[in-house]
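Contents: one structure, followed by commentary.
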Amino acid sequence: CDFGRNRISSTSNFAASTMYIPHHATIASLTERLKLDGELRIDNVHHAAKDFGNRYSLLPAAVLYPKSVSDISSLINYVFQMGPTSGLMVAPRGHGHSLEGQAQAYQGVVVNMESLGKSQEMQFHIKGETRPFVDVSAGALWIDILHEGLRYGMAPKSWTDYLHLTVGGTLSNAGISGQAFRHGPQINNVYQLEVVTGTGQVVTCTDEMNSDLFYGVLGGLGQFGIITRAHISLEPAPKMVKWIRVLYVDFAAFTEDQEQLISSNSSFDYVEGFVLINRTGLLNNWRSSFNCKDPVQASRFFSEGKTLFCLEIAKYFKEGDAETTDQKIEGLLSKLNYNESTLFISEVSYVEFLDRVHVSELKLQEKGLWDVPHPWLNLLVPKSKIHKFASEVFGKILTDTSNGPILIYPVDKSRWNTKTSMVTPKEDVFYLVAFLSSAMPSSTGKDSLEYILSQNRRILDVCETANLETKQYLPHYSTQEEWKRHFGSQWEVFVRRKFTYDPLAILTPGQRIFQKAT
Ligand code: FAD
């Protein structure tokens, strides 16, 4: 494919930091010429050079705090009109929870999307709607949509495990959690988007109107436009949740049960799972927040030295329905093959369940362990390869899970809309395997950044050498060749869309896919 070859250069020697440093005069002209509702700041830009990954830090020249969509379109249009030689690039920044500088722009302009989120109201369209939705700024946080929606008894259907992320940030990736087996990821639960393209044009798009842009930006890693508003599908919100954990020693039994659960519509409302390797006092830990069905047997259960697989499932219910829900759960559990002494159940509010990771965040923040480097690796592994993957990685490359959780759960793509930019394995059923490690800054041991990164590389090597046909989720590469391989047959469309909607490659340089045109 020759699309854009002359105008969008290869990133194989990606070095935006040295090649395209905009002149001070360019930034000065921006501050003078743009008529903004919000403001463009050139002081105090350091926070925009940080993200959750805590490994990349590229200082921008300025940060735009937009108060209107026109602020964003004026900025981009101005940069576009300056032409390729200005060297200026623009990165939308949601909540900055990227892992490898994806929302950063060296000496460019970072657009603080939360500023737009705070200046625009959420509009709930519920009464008389066959498809109720919330019309929301892309800079809004999912946790705020949850709280606001509950005032109307409504909530989005598909979530991420952590809700302090922006709508635009997760829609640029996918937004996958334990509800995705039923509803698809968040990018499958959007009816309409408003997007500012790389020329500064404001475009409304849906499945039927400007659908190429609509599907392009969903999972599009911020490459074709900045999402400014989204219509997100809603359902009546449950009040309460039965939250359940059970353990397996046998990986085959664990995956068989997970796959059976995601294949049925009448099963649980949330299906996830995680791996535990050589954990001490595991069940005692759980007792602080879960009730154990068989405390005597559970106290005899040892986790030390073992590789265990925890199925995490949840059933939503309305207040007053607890008893019938218990009966349904009993029926569903009776078909599973977990270790019976390890059944743990908790009853929590819907908000407590969905916002569960924030509780851990607060604890880690207190101990100063939240703002450490996070060398995360997220993989999508085809169902037919998951056993090979597990036997090569769990217990071999990873001999304990003390650096952070490892999530593992299947989803079924046959119910998803596959027109988006998101890249998945070829098989319909695949597993999300997320290695969510934290590194200790001054360590030189097994919890050091170097050690964890080398483990990640070994895992990626196994995928390559054993031909496991995995794909990275929240992908990160440094050469365009790797990106081409990642996108596979979708690469041509991806490049064509870049050429169409962001012809000078102004947008989102932190993904390191394209370099600005010269
Ligand atoms: P940012 O990091 O600010 O931006 C992410 C990317 O999107 C950047 O390239 C940015 O330039 C671009 N972008 C931001 N806003 C826009 C916009 N409006 N329009 C176009 N492009 C934009 N992901 C899951 O799928 N499931 C999970 O369960 C999950 N759990 C997580 C838990 C934690 C603790 C963390 C830190 C991350 C988790 N993630 C999960 C990953 C998360 O979805 C992504 O990192 C997401 O990008 C973060 O959103 P953000 O608002 O912080 O985006």
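Values computed for the structure shown
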item: Test set (1) within 16 Å of the ligand (Cβ to nearest atom); (2) in contact with a Leu (Cβ under 9 Å, 6 or more places away or on another chain); (3) assigned to a loop (DSSP other than H, G, I, E, B) - residue 146 fails condition number; result: (3)
item: Segment 156-180: number of residues that are in a loop (DSSP other than H, G, I, E, B) and more than 7 Å from the ligand (Cβ to nearest atom); result: 7
item: Output for segment 297-326, where each listed residue is β-branched (Val, Ile, Thr) and without any contact (Cβ under 8 Å) to a residue 40 or more places away in the chain; result: 324
item: Residue ID - surrounded by the fewest Cβ atoms within 10 Å (Cβ to Cβ), chosen from residues in segment 45-61 that are small (Gly, Ala, Ser) and not in a loop (DSSP other than H, G, I, E, B); result: 49
item: Segment 158-176 residues that are over 17 Å from residue 193 (Cβ atoms), paired with ones that are part of a loop (DSSP other than H, G, I, E, B) and of a type in the set (A, V, I, L, M, F, W, C) (beta carbon under 8 Å, 6 or more apart); result: 160/176
item: Counted residues, segment 346-368 - those being part of a helix (DSSP H, G or I) and either more than 18 Å from residue 312 (Cα to Cα) or touching a helix residue (DSSP H, G or I) at 6+ places or on another chain (Cβ under 7 Å) (or both); result: 8
item: Residue list for segment 265-316, restricted to those being acidic (Asp, Glu) and surrounded by 18 or more Cβ atoms within 10 Å (Cβ to Cβ); result: 269, 272, 312
item: Any hit, segment 59-70, residues being at pLDDT 85 or above and out of contact with any helix residue (DSSP H, G or I) (no Cβ under 9 Å at 6 or more places or on another chain); result: yes
item: Index of the failed condition, residue 329 passing every other in (1) touching a residue at least 12 places away in the same chain (Cβ under 8 Å); (2) in contact with a helix residue (DSSP H, G or I) (Cβ under 9 Å, 6 or more places away or on another chain); (3) aliphatic (A, V, I, L, M); result: (2)
item: Residue match in segment 205-218 (condition: free of Cβ contacts under 8 Å to residues at least 24 places away in the same chain, at negative phi, buried (at least 19 other Cβ atoms within 10 Å of the Cβ) and in contact with a helix residue (DSSP H, G or I) (Cβ under 6 Å, 6 or more places away or on another chain)); result: yes
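The values are calculated or read from the model by the stated rules, or taken from the named source; none is laboratory data. Small disclaimer: the values here were computed from a predicted structure and weren't measured. Note: ideal-geometry Cβ built from the backbone for every residue, glycine included; neighbour counts use all protein chains shown.
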